[in-house]
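FYI, it's all coordinate maths here, none of it is from the lab. Note that the structure is predicted; figures quoted are calculated from it, not measured. Positions of Cβ are backbone-derived with ideal geometry, glycine not excepted, and every protein chain shown enters the neighbour counts.
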Amino acid sequence: MSKVIEVDCSTGISTERDMTEAELAAQAAMQAQAEKQREEEEEAQVAADALKASATAKLSALGLTADEIAALTK
Amino acid sequence: MTIAMQPIYTQTVGAGGTTGVNFLNIPQTFTDLQIVVSMRTAFAANYQYIQVFFNNNGSNYSATSLNGSGTAVFTNRNTQIEAGAVSATATSNTFSSVSIYIPNYTSANFKSYIADGVTENNATAGYQSLTAGLWRDTSAINRIDVSGAGQTIVQNSTVTLYGITKG
């Protein structure tokens, strides 16, 4: 059973308890949402990296040196 | 002008970890709140999210983030409060550093917040985020739940809640 810590700020008492069924369901939903978001961000990063590589290759084909390309992308 | 920052409580996660740290019955006597988190999760991925809810309510959040991954910069819109947490594949014994500032948490207006966070990793992949957010709710905030977005928060992670009083 997953645990959650509850801090009662009015007393300063911290207790640990088992999560309720509702909290477990919410936890599963959070996991799914976080995984979906992470996949989207990683896909966006891969796409951005691919675009950058493609643009760099095209600039290189035009005759720009690596230093010149780096200067353009800073 | 006097400004005082007072720690309300620091929770250190013990052996075996936990899924979340919930602050209940938050005093309504401060002007602002700040949550400072040092967190590592057991999730096996490049990074994980720290997730925060106000008043046990997962709805009506809107946020805009500027993020860096170590090799790329990207933005995103979101419907929850979050920042990066170190996950299990990162360098051992490293924890993320996150701060969430909530001004005027007792007001009858919608609640704005700013969240900034970084993960730590002795590698190229290291994640940073800066988030501006809004909770579209007029209730005073009396509860804050901090989690690893469903993943186990490992031992020695800490969550501290501060109250800030503006004179």
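Just a few scattered comments:
- Top-ranked residue in segment B:27-71 [being hydrophobic (A, V, I, L, M, F, W, C) and more than 24 Å from B:V154 (Cβ to Cβ); ranked as surrounded by the fewest Cβ atoms within 10 Å (Cβ to Cβ)]: B:L66
- Taking the criterion of being over 14 Å from the mean Cα position of the chain (by Cα) and within 17 Å of B:S99 (Cα to Cα), the residues of segment B:54-81 that qualify are B:T64, B:L66, B:N67, B:G68.
- Exclusive hit being among the hydrophobic types (A, V, I, L, M, F, W, C) and under 24 Å from the mean Cα position of the chain (by Cα), set A:A61, A:A70, A:A34, A:A57: A:A34
- Total residues in segment A:6-22, condition in contact with a Ser or Thr (Cβ under 8 Å, 6 or more places away or on another chain) and either within 15 Å of B:Q51 (Cβ to Cβ) or small (G, A, S) (or both): 1
- Strands (runs of 3 or more DSSP E) contained in segment B:6-60 and holding at least 3 residues within 11 Å of chain A (Cβ to nearest Cβ): B:20-24, B:48-54
- Every residue from segment B:72-92 that is farther than 24 Å from B:I153 by Cα and more than 9 Å from chain A (Cβ to nearest Cβ): B:T75, B:R77
- A:A22 vs. criteria free of Cβ contacts under 8 Å to residues at least 40 places away in the same chain, over 17 Å from B:N22 (Cα atoms) and in a helix (DSSP H, G or I): no
- Filtered by the rule that a residue be more than 9 Å from chain B (Cβ to nearest Cβ) and either out of contact with any strand residue (DSSP E or B) (no Cβ under 7 Å at 6 or more places or on another chain) or of a type in the set (K, R) (or both), segment A:1-23 gives A:I13, A:R17, A:T20, A:E21, A:A22.
- Segment B:72-98: number of residues that are under 13 Å from B:G133 (Cα atoms) and exposed (fewer than 15 other Cβ atoms within 10 Å of the Cβ): 2
One line per residue, one yes/no per condition, for (1) under 24 Å from A:A25 (Cα atoms); (2) not hydroxyl-bearing (S, T, Y):
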| residue | (1), (2) |
| --- | --- |
| B:P103 | no, yes |
| B:K111 | no, yes |
| B:A115 | no, yes |
| B:T119 | no, no |
| B:A123 | no, yes |
| B:G133 | no, yes |
| B:I141 | yes, yes |
| B:D145 | yes, yes |
| B:G150 | yes, yes |
